[in-house]
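Structure first, commentary second.
The values are calculated or read from the model by the stated rules, or taken from the named source; none is laboratory data. What you see is a predicted model; the values in this text were computed from it and never measured. Here the Cβ positions follow ideal geometry from the backbone for every residue, glycine too, while neighbour counts run over all protein chains shown.
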Amino acid sequence: MEEKKKLSFAKAMILLLIAVVTIFVVKAKIGGDTSVSLLCAAAAVSALAMIWGIKWEDIEHEVKENFKSMASPLMILMCVGLLVGTWMISGTIPTMIYYGMKFLSPGIFLVMTCLIAAIMSVMTGTSWGTVSTVGVALMGVSAGLGIPLAYTAGAVTAGALFGDKLSPLSDTTVMAAAVAEVNIIDHIKYMLLTTVPSLIVSLVLYGVLGAKYAGQSMAGDDYSAIMETLQSTFNINVIMLIPPIVVVTLIVLKKPTIPTFFSGILTAMVLAWIFQGASFSDVIFAMGKGYTESTGIDIVDTMVLRGGLSSMLSTIVLVLAAGVFGGPLKASGTVEIIVEKLSKAVKNDKQMMITVALLHLVLFLIVVSYYVSFVVIGNMTKDLYDKFGLKRTNLSRMLEDTGTATAPLIPWSLSGAFYSSTLGLPVWDFVLYAPITYLGMGFALIYILTGFTIARADKTEEIAEA
């Protein structure tokens, strides 16, 4: 087999710079679509890489590999569109909104939203499942209570990510520990040091934001209109909560995500036929286009006119564009070249840990999937932690703080696109209200600079623990 051409460090940096500048110009200066900006960057990087000797066949191969790795997330995105559509027409989400408005007061709503999402995410190990079920319902409750949707989206995101980072059932938790070759319980204990303070700050923020609504009346005309419209439009009944119970139960039992979502979809379809009087064609239409039957009340329409496969199409295109974008950068070995060069340049443990964290962020911006970035950075840098006498729990924690938590900050990442399309807001509209997405990195940086909580290996113990 012919050996692939390897670029110099300078050329690798130029490719990376061109990618970043192209995205910035097309997106920020011209106002182009994010998907288009990624494709333009991919074209520019591919052209220069081919001039420098990188074969098109190698670029195409990497794009195809990216698509393969994205197959499961893409299917989940489609399932979420189908699920939200069927849960709307079946009355499941309207029922959750109704009871949420009935029992959650405005003053504590944001705090409770974060805690509910956190508990569900810890129990199930999935932030996506949490956001697409209780998250969507809580967004509807938020609209009904008159609380800004950006606040609620931030609270849902913070709670969902808390569980995603700490649950032993979470794939990111398992993967980070596995890549760093540390015991998963040790990894979770170490993650608590950055994640719990971030959650506490988040809850304080939600308490402050919610205080503005503490005295808000729950018996106004708008509140009554919403409750009456929900009752007159849908058959509100606790039986409608069966689909989320089915989904949560199957997730806790560690059943595969896609069959689990389809179980929730099928259950909702049956409820729609029996209790909502929907025909088979009505349900199929809702699966494709979402629930589209206007209630005549604008605020209620913003709650229930949602879902369907079509609502996820722009997100799916964005994910595919991200796969194309990562192809030429992976084919040219850009990240590996930069990692290799900088790894040799670091002189002490602080420089090393900060450098590795920055490299992981850069790689994540390129490949937009922590399934890839965890493996690449973890395998390429774990020996550096051994070299500087550090436990690899430092590495596993860094992967989650700069990967799992920061994913929603990047609009074209799988998580960023998912959160945006599911919650119905651009990510930059609500991430400010989800401190856990950036405070984890902040606490990690403070710990690195001060040495606080940085675990060092005993001379007599093995660094790599199974």
- Hits in the stretch 419-449 - residues which are of a type in the set (Phe, Trp, Tyr) and touching a helix residue (DSSP H, G or I) at 6+ places or on another chain (Cβ under 6 Å): Tyr419, Phe430, Tyr433, Phe443
- Task: Determine, yes or no, whether Met312 is modelled with pLDDT of 95 or more and in a helix (DSSP H, G or I).
- Result: no
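Yes or no: Met88 closer than 30 Å to Ile284 by Cβ, surrounded by fewer than 16 Cβ atoms within 10 Å (Cβ to Cβ) and within 24 Å of the chain's Cα centre (by Cα)?
Details: closer than 30 Å to Ile284 by Cβ: yes; surrounded by fewer than 16 Cβ atoms within 10 Å (Cβ to Cβ): no; within 24 Å of the chain's Cα centre (by Cα): yes.
The answer is no for Met88.
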- Report whether or not Ala322 is more than 30 Å from Val248 (Cα to Cα) and under 23 Å from the mean Cα position of the chain (by Cα). yes
- Message: Anything in the stretch 420-455 that is of a type in the set (A, V, I, L, M), outside any helix (DSSP H, G or I) and either closer than 21 Å to Asp186 by Cα or without any contact (Cβ under 8 Å) to a residue 60 or more places away in the chain (or both)? List them, or say none.
- Response: Ile454, Ala455
- Qualifying helices (runs of 4 or more DSSP H) (wholly inside the stretch 338-419; at least 3 residues being in contact with a Phe, Trp or Tyr (Cβ under 6 Å, 6 or more places away or on another chain) and either under 19 Å from Leu445 (Cβ atoms) or modelled with pLDDT under 90 (or both)): 393-399
- Task: Scan the stretch 175-189 for residues that are buried (at least 23 other Cβ atoms within 10 Å of the Cβ) and over 16 Å from Val122 (Cα atoms) and jot them down.
- Result: Ala176, Ala177, Ala180, Val182
- Query: Looking at Val247, Val208, which is the one that is surrounded by fewer than 21 Cβ atoms within 10 Å (Cβ to Cβ), at negative phi, in a helix (DSSP H, G or I) and not small (Gly, Ala, Ser)?
  - Reply: Val208
- Item | Those residues of the stretch 134-150 which are modelled with pLDDT under 85 and of a type in the set (Ser, Thr, Tyr), in sequence order | none
- Task: For Met398, state whether it is of a type outside the set (S, T, N, Q) and surrounded by fewer than 21 Cβ atoms within 10 Å (Cβ to Cβ).
- Result: no
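Against the definition (in a loop (DSSP other than H, G, I, E, B) and under 19 Å from the mean Cα position of the chain (by Cα)), how does Gly307 come out, yes or no?
yes
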- Message: For the structure I just gave you, tell me whether Lys165 is crowded, with 24+ Cβ neighbours inside 10 Å and basic (Lys, Arg).
- Response: yes
- Query: Looking at the stretch 1-119, what helices (runs of 4 or more DSSP H) fall wholly within it and have at least 1 residues that are in contact with a Ser or Thr (Cβ under 9 Å, 6 or more places away or on another chain) and over 30 Å from Tyr213 (Cβ atoms)?
  - Reply: 9-24, 34-51, 56-89
- Item | Those residues of the stretch 1-46 which are charged (D, E, K, R) and either touching a residue at least 12 places away in the same chain (Cβ under 8 Å) or closer than 25 Å to Ser420 by Cβ (or both), in sequence order | Lys4, Lys5, Lys6, Lys11, Lys27, Lys29, Asp33
- Considering each residue of the stretch 274-289, count those that are within 23 Å of Ser314 (Cβ to Cβ) and either at pLDDT below 90 or not small (Gly, Ala, Ser) (or both), and give that number. 4
